[in-house]
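**Q** Before anything else, here's the structure in question.
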Amino acid sequence: MSDADAIDLTVTYAMHDALRRELAHLDRVTTAADRDPRQVLATAAGWTLFKKALHAHHTAEDDALWPPLRQNLAGRPKDLALLEVMEAEHAAITPVIQAIDAALTDPGAGSLRLGQLADALTRGLAGHLEHEEEAALPLVRRELTAEQWGHFSRVQARHIDRDAPLLLPWLLEGADEPTAAGLLARLPAPAYAACTTRWIPAYAALDRWSPDTTAPRPDTP
């Protein structure tokens, strides 16, 4: 098996799809006319889960994907410049999220300001995900070794595992059957049993983008 064949991007694409799904929820919340979007986001589990998942994904890439890829691309300035752009796009997203959180606690920040920030987040993150899929992931498949990809996958899994009872069902929501089966097959037997019998049902009962919701905390295996 070649290194490219060993690089399975299932989790990455599932994460991207889930983030896009949550951006659509964010848009619906911030454009709804029947409730205060500031109060919804300030107390909705969906906003917290979105931030946790995005932080886990981007931190893993910044710590364990771009550095080895940069090492492999030494002497190739055009490809190295792409990695600089990936990291810059990550860095540009964080202040927007921080601004949204600040607006939620600022009595002077109205729904219009929140909507503008949500639009900026959607444009920035959606653009980044598309850019990564079109330019960076093909480079990853060509240039990263199987060992390096395995290390990144383990680092990303550790970040997700910190909130596995929440983030695994979140990641699985809306995934097609092959993707869901592939994600579940990666789990150790205790985590698989917990996910299928406890975590997914608890998550399914959570109306996470409604106000005054709290994320369930099922026991870890």
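The values are calculated or read from the model by the stated rules, or taken from the named source; none is laboratory data. Values in this document were obtained by computation on a predicted structure and should not be read as measured data. Cβ sites come from the backbone with ideal geometry, for glycine too, and all protein chains shown count toward neighbours. Surface areas here come from the heavy atoms of the whole protein model, side chains and all, with no ligands, DNA or RNA. Shrake-Rupley method; radii C 1.70, N 1.55, O 1.52, S 1.80 Å.
**Q** For P188, all conditions in the list (1) modelled with pLDDT under 95; (2) open to solvent by less than 20 Å² (accessible area, probe 1.4 Å) hold save one; what is the number of the exception?
**A** (2)
**Q** Scan the stretch 37-56 and report the pairs whose first residue is surrounded by fewer than 17 Cβ atoms within 10 Å (Cβ to Cβ) and whose second residue is part of a helix (DSSP H, G or I), with Cβ atoms within less than 6 Å and a gap of 6+ or a chain change.
**A** Close Cβ pairs (under 6 Å, with a partner that is part of a helix (DSSP H, G or I)) amount to A42/L104.
**Q** How many of the residues making up the stretch 86-105 are touching a His at 6+ places or on another chain (Cβ under 6 Å) and not in a helix (DSSP H, G or I)?
**A** Total satisfying the criteria: 0.
**Q** In addition: Which one of these does D3 not meet: (1) closer than 26 Å to A204 by Cβ; (2) surrounded by 14 or more Cβ atoms within 10 Å (Cβ to Cβ); (3) at pLDDT below 95?
**A** (1)
**Q** Report the residue count in the stretch 180-201 for those that are in a helix (DSSP H, G or I) and farther than 21 Å from G46 by Cβ.
**A** Looking only at that region, the number is 12.
**Q** Hey, any hits in the stretch 19-29 for a residue that's loosely packed, with under 15 Cβ neighbours inside 10 Å and at pLDDT below 95?
**A** Looking through the stretch 19-29, at least one residue is loosely packed, with under 15 Cβ neighbours inside 10 Å and at pLDDT below 95.
**Q** Please work out if I160 is open to solvent by 40 Å² or more (accessible area, probe 1.4 Å) and in contact with a helix residue (DSSP H, G or I) (Cβ under 6 Å, 6 or more places away or on another chain).
**A** Judged against the criteria, I160 is not a match.
**Q** Please go through the stretch 57-85 and give me each residue that is open to solvent by less than 20 Å² (accessible area, probe 1.4 Å) and either among the polar types (S, T, N, Q) or not in a helix (DSSP H, G or I) (or both), ordered by number.
**A** Those that are open to solvent by less than 20 Å² (accessible area, probe 1.4 Å) and either among the polar types (S, T, N, Q) or not in a helix (DSSP H, G or I) (or both): L65, L73.
**Q** So, one more: Considering each residue of the stretch 23-36, count those that are farther than 29 Å from V85 by Cβ and in contact (Cβ under 8 Å) with a residue 60 or more places away in the chain, and give that number.
**A** Qualifying residue count for the region: 5.
**Q** Here's something else I'd like to know. Across the stretch 106-134, what is the number of residues that are in a helix (DSSP H, G or I) and open to solvent by 30 Å² or more (accessible area, probe 1.4 Å)?
**A** Going through the stretch 106-134, the residues in a helix (DSSP H, G or I) turn out to be 111-134.
From what's left, open to solvent by 30 Å² or more (accessible area, probe 1.4 Å): 111-113, 116, 119-120, 122-124, 126-127, 130-131, 133-134.
Number of matching residues: 15.
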